[in-house]
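Engineer: Would you mind keeping the following structure in view while I ask a few things?
Just so you know, all these numbers are worked out from the coordinates, no wet-lab data involved. Since the model is a prediction, treat every value here as computed from it, not as a measurement. Cβ placement follows ideal geometry from the backbone for every residue including glycine, while neighbour counts extend to all protein chains displayed.
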Amino acid sequence: MPKVVCLCKEVINLSDIPSPNQLLMIEDVKYDKYFDSIDAEKLYEEMTLVVRCQNCKRLYVYENGFENDPLIYSLDRPE
Ligand SMILES: [Zn+2]
């Protein structure tokens, strides 16, 4: 997953590991299973990958994996 081109034309670089442009999101219900013992690898598999554009703050939520189209969220009131 090298990069994503944002709708604002910003090229979002994802080559750094870990990446400052990548967020990991998890449902509270799923996270609760890891409360007592965290297995970082298993927890990572449960995470929804979110890519953030530093320029316009859009979020690209890959709910069905990076190979499928993301849901795209943008600010109601841009800064
Ligand atoms: Zn953008």
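Engineer: Through the Karplus equation 6.51 cos²θ - 1.76 cosθ + 1.60, θ set to phi - 60°, convert the phi angles of segment 64-74 into ³J(HN,Hα) values in whole Hz; use x for Gly and Pro.
Structural biologist: 10, x, 5, 7, 10, 4, x, 7, 10, 10, 10
Engineer: Would you compute, from DSSP H runs of 4+ residues alone, the mean residue ellipticity of the chain at 222 nm, taking -39500 (n - 2.57) per run and dividing by the full residue count, rounded to the nearest 500?
Structural biologist: Rounded to the nearest 500, the figure is -3500 deg cm²/dmol.
Engineer: Along each of the three principal axes of the Cα atoms of the chain, give the extent in whole Å, ordering the values from largest to smallest.
Structural biologist: 42, 28, 22
Engineer: Also, quick follow-up: What size of dipole, in debye to the nearest 20, comes out for the chain about its Cα centre when the only charges are +1 on Lys and Arg C-beta atoms and -1 on Asp and Glu C-beta atoms?
Structural biologist: Charge dipole of the chain: 480 debye, to the nearest 20.
Engineer: Please tell me the relative contact order of the chain in percent, rounded to the nearest whole number, where contacts are Cα pairs under 8 Å and at least six residues apart.
Structural biologist: With pairs under 8 Å counted, the relative contact order is 23 percent.
Engineer: Give me the net charge for the shell around PHE35: Cβ to Cβ below 14 angstrom, other residues only, Lys and Arg +1, Asp and Glu -1.
Structural biologist: My count for the surroundings of PHE35 gives -3.
Engineer: Name the residue from CYS8, ILE72, VAL61 whose Cα lies farthest towards the positive end of the charge dipole of the chain, charges +1 on Cβ of Lys and Arg and -1 on Cβ of Asp and Glu.
Structural biologist: CYS8
Engineer: So how do TYR62, TYR44 line up by other beta-carbon neighbours within 10 Å, fewest first?
Structural biologist: Neighbour counts put them in this order, fewest first: TYR44, TYR62.
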